[in-house]
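One structure is given here, and the rest of the page talks about it.
The values are calculated or read from the model by the stated rules, or taken from the named source; none is laboratory data. Being a predicted model, the structure only gives us computed values, none of them experimental. Here the Cβ is made from the backbone with ideal geometry for all residues, glycine too, and neighbour counts use every protein chain on show.
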Amino acid sequence: MHPDLQRALDDLTRSVTGMTGEQMEARLPGKWSASDILEHLMLSFQASGARLVSAMDEGQPMARPGTWKERLGAFVVVSLGYFPTGRKAPEYVQPKGMKAPDIVDAAKAALVDFDATAARCAGRFGPGRKVTNHPILGPFSVRQWRRFHRVHTRHHMKQVAALRTSGR
């Protein structure tokens, strides 16, 4: 497994180990539960993998040129490792209601599947070539997709930790 994705998997595993189903479903007002967060991550891993598969099926990268705003956002998230808060997730990666314990295994499996797809895509196009577009941050290479998922997972595991410390 790629080191960035292994760290994401380790963070996810460490964050939810020992949580009960009740703890996984608890939420702060107006916020997602730990189960919701894992479902969001699972859907994100799956959507990113599908983008890479589409490029491989086309036989060529599908990335368009990025705007200055996208390049700046990608630099902040991918290069600096900072994930801004307050942005609503796109509808297709919003949780639909999967519950623990199924969501834990499903999220881990989706990350492992994404890793395999990313490895195939990197083998086909190279790890640094822009291959597909992130819906907010613009064109990404496989290297950037991997790093994005590392930073994105870390961001959400901080939220899970906050739920644990809040007693919810």
### Query
If you go through the stretch 109-128 one residue at a time, do you hit one that is within 27 Å of K31 (Cα to Cα), surrounded by fewer than 21 Cβ atoms within 10 Å (Cβ to Cβ) and among the small types (G, A, S)?
yes
### Task
Sort out which residues of the stretch 60-117 are part of a helix (DSSP H, G or I), closer than 15 Å to A47 by Cα and polar (S, T, N, Q), and write them in order of number.
T117
### Message
Yes or no: the stretch 95-107 includes at least one residue that is within 15 Å of R51 (Cβ to Cβ) and among the small types (G, A, S).
### Response
no
### Task
Could you list, in sequence order, all residues of the stretch 41-81 that are touching a Phe, Trp or Tyr at 6+ places or on another chain (Cβ under 7 Å) and not hydrophobic (A, V, I, L, M, F, W, C)?
S48, G49, P61
### Message
Which condition from (1) modelled with pLDDT under 95; (2) in contact with a helix residue (DSSP H, G or I) (Cβ under 7 Å, 6 or more places away or on another chain) is the one that G21 breaks?
### Response
(2)
### Qualifying positions in the stretch 1-50 - within 15 Å of the chain's Cα centre (by Cα), hydrophobic (A, V, I, L, M, F, W, C) and farther than 29 Å from R120 by Cα
A34
### Message
Could you go through the stretch 58-68 and let me know if any residue there is over 15 Å from A107 (Cβ atoms) and within 16 Å of the chain's Cα centre (by Cα).
### Response
no
### Task
Hey, could you check the stretch 129-157 for residues that are in a loop (DSSP other than H, G, I, E, B) and touching a residue at least 60 places away in the same chain (Cβ under 8 Å) and say which is surrounded by the most Cβ atoms within 10 Å (Cβ to Cβ)?
L137
### Summary
Taking the stretch 130-147 and keeping residues closer than 15 Å to F114 by Cα and among the polar types (S, T, N, Q) leaves T132, S141, Q144
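Determine, yes or no, whether V160 is buried (at least 21 other Cβ atoms within 10 Å of the Cβ), of a type in the set (A, V, I, L, M), over 14 Å from L5 (Cβ atoms) and touching a residue at least 60 places away in the same chain (Cβ under 8 Å).
In short, yes.
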